[in-house]
1. Determine, yes or no, whether GLY66 is of a type outside the set (S, T, N, Q), closer than 17 Å to GLU7 by Cβ and not in a strand (DSSP E or B).
2. Regarding the range 46-58, can at least one residue be identified that is modelled with pLDDT of 95 or more, β-branched (Val, Ile, Thr) and surrounded by fewer than 18 Cβ atoms within 10 Å (Cβ to Cβ)?
3. Scan the range 10-24 and tell me whether some residue there is surrounded by 13 or more Cβ atoms within 10 Å (Cβ to Cβ), touching a His at 6+ places or on another chain (Cβ under 7 Å), of a type outside the set (Phe, Trp, Tyr) and part of a helix (DSSP H, G or I).
4. Mind checking which residues of the range 79-93 are outside any strand (DSSP E or B) and surrounded by 13 or more Cβ atoms within 10 Å (Cβ to Cβ)?
5. Given ILE43, ILE6, which one is among the aliphatic types (A, V, I, L, M), surrounded by 18 or more Cβ atoms within 10 Å (Cβ to Cβ) and under 16 Å from ASP89 (Cα atoms)?
6. Those residues that are buried (at least 18 other Cβ atoms within 10 Å of the Cβ) and either within 11 Å of ASP11 (Cα to Cα) or out of contact with any helix residue (DSSP H, G or I) (no Cβ under 6 Å at 6 or more places or on another chain) (or both), I need them from the range 59-72; list them, please.
7. Considering each of LEU4, LEU54 in turn, give the residue that is assigned to a strand (DSSP E or B) and within 16 Å of GLN87 (Cα to Cα).
8. Look at the range 31-51 and say how many of its residues are in contact with a strand residue (DSSP E or B) (Cβ under 9 Å, 6 or more places away or on another chain) and not in a strand (DSSP E or B).
Amino acid sequence: MRVLIIETVIDLPWSQSLKEKRRVRQGLIDRLERRHRLSVKEIDCQDVWKTLCLGMAAVVLTETGGRELEASIRTTLEEHSNGEIRQWDAELI
């Protein structure tokens, strides 16, 4: 059994307020938790309108399963964040 840990920073250049960012953040968190069965929290940049910093963790059975889950999570973020992934740090322990 392994743990996949991901920290990501997403730029939201179109965001004009914390309210807009909060709407995107909550939609992404709900979608990721429902689709991928993982824990997701905003870990930094809470007061920055145009930046969303998320931390994610999931238990996987194999390294291959962890890499597949990582790819699927990244695809979900790219398709539904309406932003650009600036940083992506993934670790499988």
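1. yes
2. No, there is no match, as no residue in the range 46-58 is modelled with pLDDT of 95 or more, β-branched (Val, Ile, Thr) and surrounded by fewer than 18 Cβ atoms within 10 Å (Cβ to Cβ).
3. no
4. Of the residues in the range 79-93, the ones outside any strand (DSSP E or B) are 79-83, 93.
Result: HIS80, SER81, ASN82, GLY83.
5. Values: ILE43 fails: surrounded by 18 or more Cβ atoms within 10 Å (Cβ to Cβ).
So the residue among ILE43, ILE6 that is among the aliphatic types (A, V, I, L, M), surrounded by 18 or more Cβ atoms within 10 Å (Cβ to Cβ) and under 16 Å from ASP89 (Cα atoms) is ILE6.
6. Let us first name the residues in the range 59-72 that are buried (at least 18 other Cβ atoms within 10 Å of the Cβ), namely 60, 66, 69-70.
Scanning the range 59-72 gives GLY66, LEU69, GLU70.
7. LEU54
8. 8
The values are calculated or read from the model by the stated rules, or taken from the named source; none is laboratory data. A quick note: this is a predicted structure, and the numbers were derived from the prediction, not measured. When we count neighbours, we look across all protein chains shown, and the Cβ atoms used for this are built from the backbone with ideal geometry, even at glycine.
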